Amino acid sequence: MRFLSLGMIELAEIAPFSVETPGGGGDEPLTPNFAGTAGTVGRGNPMKGQALWMMMCVLGLGLIAVGILKLLVKSASSKSHWRRTEAPGLDLAKSDDLWAIHDLLLVGYAGIFMKSDSAGLLEVQIASKKLAALLPAIHPLERCRERFAQILGGTAGSPVLTEVTNDMHINVAGEAWHCLALVEEDFKNPFLPNAIGNFEAYKAAKMTVPKRTLNGLCGQSAWPRTCSYWVSMHLLAARADLLLLGHQLLDALIPILAGGATFCGGCTKHFRALTKPMLSPALVQDFSRVF
């Protein structure tokens, strides 16, 4: 919410409308000017200036009325547009908005902008497994937390402390769709496990788009994956904060995003610039080509 501080505004006095008679007498009729002082206009009806003034006032009010009417018509015609473009709150998020947790896990593991077989890539992969280990505790949906716990051999409501294997990690990523009643056929150009290690496959999955309009905040977004990322990360962070797992979540997400999970070279470079003090030497040195 924005607050606007208004200073005190001093209004200049406006001279009253009046018709004055010159001090020297005489019969020259006078009409007032806009400053309220008298001015000679020549012989004629002394009410002519008053009539002109009143006419100008009426015209001015008419122009104001027309302007207001135009604004009202424009507002009414664009009412549905504003409904579409106003940013709703996270309280309106639906389960469909969480679909890209799948990509945070899988694309995060791929580290698509990191050098192959590098220490930086390994660090990104470890971070993505840390995220998987946190999901039984911090995923917003209870049914998903329970399924993640089953895959990882943990307990719903608590992070998994044992090692997350590669197979476990891929299964958790798949379950991030399945627990939302989604499958790969629901998406155009989805990122799948067989794309890991293939740079051309990364390009092909740059714009994964749901084939049908999903419910929730991101249903009308032109950037559905990115929208889902931000909604998901905020909701994950809210639960992580309640469970005192905020630092662990941050430690997982920063390398994932620094490794290229957004599929956006410019976005990734900006993110890395903002978080450079938090990036390890390996994450900095092993950054590779982008698209």
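The values are calculated or read from the model by the stated rules, or taken from the named source; none is laboratory data. Being a predicted model, the structure only gives us computed values, none of them experimental. Glycine gets a Cβ as well: all are built from the backbone with ideal geometry, and neighbour counts include every protein chain shown. What goes into the accessible areas is simple: the full protein's heavy atoms, side chains included, and nothing from ligands, DNA or RNA. Shrake-Rupley method; radii C 1.70, N 1.55, O 1.52, S 1.80 Å.
Observations on the structure shown:
- Unmet requirement for Arg289, which otherwise passes all of (1) among the charged types (D, E, K, R); (2) surrounded by 13 or more Cβ atoms within 10 Å (Cβ to Cβ); (3) out of contact with any helix residue (DSSP H, G or I) (no Cβ under 7 Å at 6 or more places or on another chain): (2)
- Filtered by the rule that a residue be more than 22 Å from Leu131 (Cα to Cα), touching a residue at least 12 places away in the same chain (Cβ under 8 Å) and not in a loop (DSSP other than H, G, I, E, B), the stretch 199-235 gives Phe199, Lys203, Ala204, Val209, Pro210.
- All positions within the stretch 209-223 that are among the hydroxyl-bearing types (Ser, Thr, Tyr) and open to solvent by less than 80 Å² (accessible area, probe 1.4 Å): Ser221
- For Ala238, the conditions (1) open to solvent by less than 20 Å² (accessible area, probe 1.4 Å); (2) in a helix (DSSP H, G or I); (3) small (Gly, Ala, Ser) all hold with the exception of (1).
- Selection within the stretch 199-208: residues that are open to solvent by 40 Å² or more (accessible area, probe 1.4 Å) and aliphatic (A, V, I, L, M). The member of this set that is farthest from Leu104 (Cα to Cα) is Ala204.
- For the stretch 268-286, a residue qualifies if it is under 27 Å from the mean Cα position of the chain (by Cα) and open to solvent by 100 Å² or more (accessible area, probe 1.4 Å), and the qualifying residues are Lys269, His270, Leu274, Lys276, Pro277, Met278.
- Looking only at the stretch 165-181, residues that are surrounded by fewer than 19 Cβ atoms within 10 Å (Cβ to Cβ) and assigned to a loop (DSSP other than H, G, I, E, B) come to 2 in all.
- The listed residue being within 23 Å of Gly216 (Cβ to Cβ), modelled with pLDDT under 95, open to solvent by 30 Å² or more (accessible area, probe 1.4 Å) and touching a helix residue (DSSP H, G or I) at 6+ places or on another chain (Cβ under 7 Å), out of Leu141, Leu90: Leu90
- Any hit, the stretch 185-199, residues being in contact with a helix residue (DSSP H, G or I) (Cβ under 9 Å, 6 or more places away or on another chain) and more than 20 Å from Phe113 (Cα to Cα): yes
- Within the stretch 241-267, the set of residues being aliphatic (A, V, I, L, M) and open to solvent by less than 40 Å² (accessible area, probe 1.4 Å) comprises Leu245, Leu249, Ala252, Leu253, Ile254, Ile256, Leu257, Ala258, Ala261.
- Hits in the stretch 182-198 (condition: out of contact with any His (no Cβ under 9 Å at 6 or more places or on another chain), under 25 Å from Leu122 (Cβ atoms) and either in a loop (DSSP other than H, G, I, E, B) or open to solvent by 30 Å² or more (accessible area, probe 1.4 Å) (or both)): Leu192, Pro193, Asn194, Ile196, Gly197, Asn198
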